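The values are calculated or read from the model by the stated rules, or taken from the named source; none is laboratory data. Small disclaimer: the values here were computed from a predicted structure and weren't measured. Note: ideal-geometry Cβ built from the backbone for every residue, glycine included; neighbour counts use all protein chains shown. Each accessible area value is taken on the protein alone, full model and side chains, heavy atoms only, with ligands, DNA and RNA left out. Shrake-Rupley method; radii C 1.70, N 1.55, O 1.52, S 1.80 Å.
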Amino acid sequence: MAVLASLMLAWTGFLFLLVHRHLAGFKTSHMATFAGAIFLAAPITEVASNQLYKLVTGHSLWIYHFMPIAQGDTSLAAPVIWSFFGVNLYLTWLYFHRLGLHQNHYLKAAVMGIEGPVWEITMNYLFVHLGYGFIAYYLPAELRHYSSVQAVTIYALSGYVAAFMLLRFRHLWGAKTAAVLYLLGFASLFVISLWP
């Protein structure tokens with residue numbers, strides 16, 4: 001878990017250094033709200049998406065190998081994985097805001113559709129090549145099992161909903177909201193871990 005957190009922290013730091021001059025409006029409490037919202041939503045979305053995929057195709061799209069729960073549909077490492085992804089999305093949104101593109105939900109969904117698999121490929125590649133194996137193994141082989149082109153649709157749809165919901169409730173962004181989102185996230189992860 002420490003290696004995963006270190007890799008994700010390094011990636012986030014790299015992204016922050018890349019765009020730091022363009023981060024007017026950066027607020028830690030808003031970043032925490034993004035991280036909490038993504039942490040709450042992602043494991044639920046992973047389980048639902050993978051179960052639906054199984055129903056349609058007869059097999060999983062991915063199987064978590066790192067701290068798996070819910071038949072490998074998600075992981076107990078979700079607080080680390082998805083919080084860092086939420087931080088990355090927040091930094092990306094700030095950059096969009098600077099460019100005047102902050103109201104374009106379709107663009108945000110498209111970027112999340114691409115950024116999600118790139119994030120997975122990067123983390124899986126680093127994890128595998130450091131000798132820890134896959135975090136999540138994708139059954140389709142078109143991206144060498146590090147992610148899947150098929151996941152782009154899931155990320156894009158999730159990105160559109162996330163963009164809409166986060167902006168809809170922007171007046172609630174803050175430390176208290178982030179704390180509630182994290183509490184709900186841990187509660188949902190506990191319930192998911194009970195999944196047979």
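Which is farthest toward the positive dipole end of the chain among Gln103, Thr45, Leu183, measuring Cα position about the Cα centre, with Cβ charges +1 (Lys, Arg) and -1 (Asp, Glu)?
Gln103
Give the cross-link partners of Lys54 among the aspartates and glutamates, using a straight C-alpha distance below 13 Å as the criterion and excluding same-chain residues fewer than 8 apart.
Within the straight-line cut-off, Lys54 pairs with Glu46, Asp73.
Could you give the accessible area per residue of the chain, probe 1.4 Å, as a whole number in Å²?
50 Å²
What are the principal axis extents of the Cα atoms in the chain, in Å, biggest first?
44, 32, 32
Rounded, prolate or oblate: which fits the range 51-98, taking a ≥ b ≥ c as square roots of the Cα gyration tensor eigenvalues, rounded meaning a/c under 1.5, else prolate when a/b beats b/c?
Oblate, since a/c reaches 1.5 and b/c is not below a/b.
Under a point-charge model restricted to the Cβ atoms of Lys and Arg (+1) and Asp and Glu (-1), what is the dipole moment magnitude of the chain relative to its Cα centre, in debye to the nearest 20?
580 debye
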